[in-house]
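Dropping a structure here in structure tokens format, bear with me for questions.
The values are calculated or read from the model by the stated rules, or taken from the named source; none is laboratory data. Since the model is a prediction, treat every value here as computed from it, not as a measurement. Positions of Cβ are backbone-derived with ideal geometry, glycine not excepted, and every protein chain shown enters the neighbour counts. Accessible surface is based on the protein model in full, side chains and every heavy atom, while ligands, DNA and RNA are left aside. Shrake-Rupley method; radii C 1.70, N 1.55, O 1.52, S 1.80 Å.
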Amino acid sequence: MSLPNAQIVAVRGPLKGLSWRVGKKGLLLGRSAECDIALPDPEVSRKQCRILIEESQLRFEDLGGRNPALINGRLAKKKILEFGDELAAGASLFVLARTEARDDMKHTPDAVPAPTCSWHGQAVSVTEGVSEETPLQLRPRSTEDLFLLCEASMTFNRCENLPALFSAAETLLRHRFHTSSLWMALTQGGDTPEFVVTERENTQEPMAEAPPQDLLFQAIRERKGLLVPEPGRTPANRALRNLMIAPARWASENVLVTAVRQPPERPVFDEDDLGMLILLMRSLASFVRAVQHTDTLRRELDRLRLRQGESTSLIGSGNAMRRVLDRIQQAAQTNIAALITGETGTGKELAARAIHARSARRNMPFIAVNCAAIPRELFEGEIFGYEKGAYTGAHKASTGLLEEAHGGILFLDEIGDLSLENQARILRVVENCAFRRLGGKREIHADIRFLAATNHDLRAAVRAGRFREDLFHRINAIEIGMPALRDHREDIPELTEHFFHMFRHQARRPLAGIDPRAMEYLTIHPWPGNIRELRNVLYRAVTLARAETLGLADVADLSAAQSAAATPELTLEELERGHIAAIFRQCDGNIQQTATILGIARSTLYKKLAEFGIHTD
């Protein structure tokens, strides 16, 4: 191919009908006025591609534009061209042809229209990510931008919470882009932005501008940065302005989206500016997720510290507790609501935590709410959260317990004490997992499993009109009944040993063990306060123990007042049976040792064991 025979002919686009002869220096194509083929097209980079002649061959070279030029409909970084090949750049199409000896062919670059800033209101889309199908390279185009990226990473790394992080990001964005308006919003893994920065730097503008909601949703949905030309905002200012929007993702999850508007007195944003914005937001997204994860871990650590030394295991190997544990295992394998019933102190919250620990949500939050402890008028703000200005004193927005429980379990303890109006408020959340903050207009969706507990008879409350029937059926998909301690006395020695060793370790008391007479007393005690009462008695007994062994006086004195106040619930025969069974168990079935402790003959003991149905095997 000789030099005079090659030309580029525009067959589509704003330069249609023009041609350019390929000279010794080749041809440079782009949006810049310095290019040989200057395209007034916002989808074309300032320097898009180059056509060169090397060793009598015509070569194409892509210069790294974000919307790459195509050769015969395919991406090509470098390629040897032949006559008839098509070059597509933006909305234009060029064909490589031989030079014709015709005078009517326009072939001078001077005939090309001058570049213009009139972009006809079209949006330029730049893919935010890099994939194999789109081999685009997002990289800083100057040493200043490279330095800014390094400075941004160091600045973000020093921020310990989200407000500090967004404040630092806002400062960097205003410094780099000289924005007239700036919006930044969290997307929290969904498609609904929650604005965290909505300020204007140019205070001379008459009124605050509304965020470009439709374009923000488009950028999130399409996962693309947008460069949108727009006219001036005031009648006196007809200059062109444009808007840049960049979403940011982390680990395939939407994290945040940012929009910046160029002031009229500044040069319009271009693709390089948009690429820089995308890089900054991508860096910020990783720090946002890290801070959010750290906050979650810190809250969980605080909860664990409050419960340090406590056991979340359900203790007991009797038939009643085995049935409870089987029911808990069934509930843990599902994702439906469950209702835990039982008297005060039977371990309803421990059962809820056991479900959480065995479920697929074990690594997500477990938020416990005491419905009886929250005042009726504060319940809505505590559970749902509130927006800034929702009521007097709401100086800033606050997340509620529902948002904190996202992904995990919300445990509604003492749900039977909720007022009817608060029952109605919580019903819709249980049904749809959707709610609004107090004073908010945006609906929030949360992935939550609900567990509830009560010491009331909710069926009787429904019949009496004190509890909503629809809410009862929603929370009662699975019911787990916690037995009273008097109904599984066989577990009292095991519970006692558990609490004794736990409190001895916490109090750092060198206690050797528990006297059999103390164990006998604990076994036959009525325990109206159930396991909680037993726990408290042992805690005080270990703390105040007078000798190396926990004796009868240590536990009897502490529960005497409770025993006197409690209504006797056991007959004399039941007390005798429980006493003999407890001593027999403590002696590991040794008849002689049991009879000695009881102070009766072996023959009498055999007769009592047979009378009470206590098996000696």
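Every residue in the stretch 15-34 that is open to solvent by 10 Å² or more (accessible area, probe 1.4 Å) and within 16 Å of residue 69 (Cα to Cα), please.
Correct list: 27, 28, 31, 32.
Is it the case that the stretch 28-50 has a residue that's closer than 13 Å to residue 81 by Cβ, more than 50 Å from the chain's Cα centre (by Cα) and at pLDDT 85 or above?
no
OK, next. Quick one: which residue in 463, 436, 442 is open to solvent by 30 Å² or more (accessible area, probe 1.4 Å), touching a residue at least 60 places away in the same chain (Cβ under 8 Å) and basic (Lys, Arg)?
On inspection, the qualifying residue turns out to be 442.
Looking at 217, 287, which one is in contact with a Cys (Cβ under 8 Å, 6 or more places away or on another chain) and at pLDDT 80 or above?
287
Quick grid of which residues meet (1) part of a helix (DSSP H, G or I); (2) more than 30 Å from residue 506 (Cβ to Cβ); (3) modelled with pLDDT of 90 or more:
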| residue | (1), (2), (3) |
| --- | --- |
| 258 | no, yes, no |
| 269 | no, yes, no |
| 309 | no, no, no |
| 314 | no, no, no |
| 317 | no, no, no |
| 325 | yes, no, yes |
| 362 | no, no, no |
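Which residues, taken from the stretch 474-531, are at positive phi and free of Cβ contacts under 8 Å to residues at least 12 places away in the same chain?
Correct list: 508 only.
Return yes when residue 390 is open to solvent by less than 20 Å² (accessible area, probe 1.4 Å), in contact with a strand residue (DSSP E or B) (Cβ under 7 Å, 6 or more places away or on another chain), outside any strand (DSSP E or B) and modelled with pLDDT under 90 and no when it is not.
No; evaluated as a whole, the condition is false for this residue.
Oh, and also: Read through the list (1) among the small types (Gly, Ala, Ser); (2) surrounded by 20 or more Cβ atoms within 10 Å (Cβ to Cβ); (3) within 25 Å of residue 424 (Cβ to Cβ), then give the number of the only condition that residue 368 fails.
(2)
Cβ-Cβ below 8 Å, separation at least six or inter-chain, first residue in the stretch 76-95 and open to solvent by less than 60 Å² (accessible area, probe 1.4 Å) and at pLDDT 85 or above, second acidic (Asp, Glu) and not in a strand (DSSP E or B): which pairs?
Filtered contacts from the stretch 76-95: 89/41; 92/41; 95/85.
Sticking with this structure for a sec: Hey, which of the helices (runs of 4 or more DSSP H) in the stretch 420-526, taking only ones fully inside, have at least 1 residues that are in contact with a Gly (Cβ under 8 Å, 6 or more places away or on another chain) and not charged (D, E, K, R)? Write out each step before concluding.
Numbers: elements: 420-432, 458-463, 469-475, 492-507, 516-524.
Once the helices (runs of 4 or more DSSP H) in the stretch 420-526 are filtered for at least 1 residues that are in contact with a Gly (Cβ under 8 Å, 6 or more places away or on another chain) and not charged (D, E, K, R), what remains is 458-463, 492-507, 516-524.
Sort out which residues of the stretch 17-75 are of a type in the set (Val, Ile, Thr) and part of a loop (DSSP other than H, G, I, E, B), and write them in order of number.
22, 44
A further question follows. Can you tell me which of 315, 340 is under 17 Å from residue 450 (Cα atoms) and among the β-branched types (Val, Ile, Thr)?
Just a single option satisfies the conditions, and that option is 340.
Any idea how many residues of the stretch 476-498 are open to solvent by 20 Å² or more (accessible area, probe 1.4 Å) and within 14 Å of residue 542 (Cβ to Cβ)?
Of the residues in that region, 2 qualify.
Look at the stretch 393-438 and say how many of its residues are in contact with a His (Cβ under 7 Å, 6 or more places away or on another chain), closer than 22 Å to residue 361 by Cα and at pLDDT 90 or above.
Adding up the residues that qualify gives 1.
Can you tell me which residue in the stretch 404-426 is nearest to the chain's Cα centre (by Cα), limited to those that are closer than 15 Å to residue 476 by Cα and open to solvent by 10 Å² or more (accessible area, probe 1.4 Å)?
Here the residue is 413.
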